[in-house]
Amino acid sequence: MSLIGNLEDFPDNSAHGIQAGALALLVVRRAGELFIYENNCPHTRETLDPEGGSLAVSGGLLIQCQRHAAEFIADTGECVAGPCQGEALSPIPFTLSGGDIYLD
Ligand code: FES
């Protein structure tokens with residue numbers, strides 16, 4: 001397992017891209033819960049955040065790709081609007097221990 005950060009590094013209702021070795025990840029906090037996805041838009045297979053910053057919109061309910069505005073449900077990764085509607089972000093398994101976040 002590899003440590004990628006701590007819950008305190010990621011504010012609630014936010015979605016930030018991080019790099020973990022060769023893996024580009026999206027770390028999503030929504031209503032206190034944590035979700036991690038590959039930072040790889042199903043539309044073009046590019047990262048969702050070329051401009052950086054949080055991708056959370058609608059109060060954290062949705063994640064919005066900065067390239068062509070596809071929207072994904074934060075806690076499932078399902079694309080509900082935009083060019084990849086019906087597809088989904090790929091979830092990444094992780095373990096929380098004392099607030100530390102480890103990839104499985
Ligand atoms: S690359 Fe994400 S919507 Fe086009």
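Where a number appears in this text, it was derived from the coordinates with a stated rule and is not lab data. A quick note: this is a predicted structure, and the numbers were derived from the prediction, not measured. No Cβ is skipped: glycine too gets one built from the backbone with ideal geometry, and neighbour counts run over all protein chains shown.
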If Pro83 satisfies every condition in (1) under 14 Å from the mean Cα position of the chain (by Cα); (2) surrounded by 14 or more Cβ atoms within 10 Å (Cβ to Cβ) but one, which is the exception? (1)
Hey, any hits in segment 46-63 for a residue that's part of a loop (DSSP other than H, G, I, E, B), touching an Asp or Glu at 6+ places or on another chain (Cβ under 7 Å), farther than 22 Å from Leu3 by Cα and within 11 Å of the ligand (Cβ to nearest atom)? yes
Please find, within segment 68-80, the residue that is surrounded by the most Cβ atoms within 10 Å (Cβ to Cβ) out of those that are part of a loop (DSSP other than H, G, I, E, B) and touching a Leu at 6+ places or on another chain (Cβ under 7 Å). Ala74
Tell me, please, whether a residue that is free of Cβ contacts under 8 Å to residues at least 60 places away in the same chain, of a type outside the set (Ser, Thr, Tyr), within 16 Å of the ligand (Cβ to nearest atom) and loosely packed, with under 14 Cβ neighbours inside 10 Å can be found in segment 27-45. yes
Residue among Arg30, Arg67, Arg45 that alone is among the basic types (Lys, Arg) and on the phi > 0 side of the Ramachandran plot: Arg45
